[in-house]
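The values are calculated or read from the model by the stated rules, or taken from the named source; none is laboratory data. Everything numeric here is computed off the predicted structure, so don't read it as measured data. So basically every Cβ, Gly included, is an ideal-geometry build from the backbone, and we count neighbours across all protein chains shown.
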Amino acid sequence: MSFFKENNIEVEFFDFKKASISSTLLQEWVKELDINILFNSKGAKYRTLGLKELNLDTNGKIEYLLKEPMLFKRPIVQSDNALVLAFDEDIYKSKFL
């Protein structure tokens, strides 16, 4: 968030801990970013839910992301022109400045 503040770029924060995204939005994201990039298979929530044993396919991962938003890798930054996952200042500069 500091990158955007330092560059006077207005952003709206979405708290994955408090809300879920719509199925439609997730489908749009999956068209731009591979589901395996969006789906955090290394986090605590993944381990707690025992998802490794389920060997989820794309549809299974989408279902879990919709009901367990803490499975998203973050941050996800979406603008009219770009969808970027994780913080990379060089990518932020090329996409948002």
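Some observations on this one:
- Within the set 95, 61, the sole residue that is part of a helix (DSSP H, G or I), among the basic types (Lys, Arg), out of contact with any Cys (no Cβ under 7 Å at 6 or more places or on another chain) and crowded, with 16+ Cβ neighbours inside 10 Å turns out to be 61.
- Contact map, the stretch 35-52: first residue free of Cβ contacts under 8 Å to residues at least 24 places away in the same chain, second residue of a type in the set (S, T, N, Q), Cβ cut-off under 8 Å, separation 6 or more or different chains; pairs are 51/41; 52/41.
- In the stretch 1-26, residue modelled with the highest pLDDT [restricted to those that are in a helix (DSSP H, G or I), surrounded by fewer than 11 Cβ atoms within 10 Å (Cβ to Cβ) and among the polar types (S, T, N, Q)]: 24
- Selected residue (criterion: nearest to the chain's Cα centre (by Cα)) from residues of the stretch 44-57 that are over 16 Å from residue 15 (Cβ atoms) and surrounded by 14 or more Cβ atoms within 10 Å (Cβ to Cβ): 46
- Boolean, residue 59 is at pLDDT 95 or above, over 29 Å from residue 97 (Cα atoms), of a type in the set (S, T, N, Q) and out of contact with any strand residue (DSSP E or B) (no Cβ under 6 Å at 6 or more places or on another chain): yes
- Residues located in the stretch 27-58, provided they are outside any helix (DSSP H, G or I), closer than 21 Å to residue 87 by Cβ and of a type in the set (A, V, I, L, M): 33
- Every residue from the stretch 58-81 that is hydrophobic (A, V, I, L, M, F, W, C) and either under 15 Å from residue 35 (Cβ atoms) or more than 13 Å from the chain's Cα centre (by Cα) (or both): 62, 65, 66, 71, 72, 76
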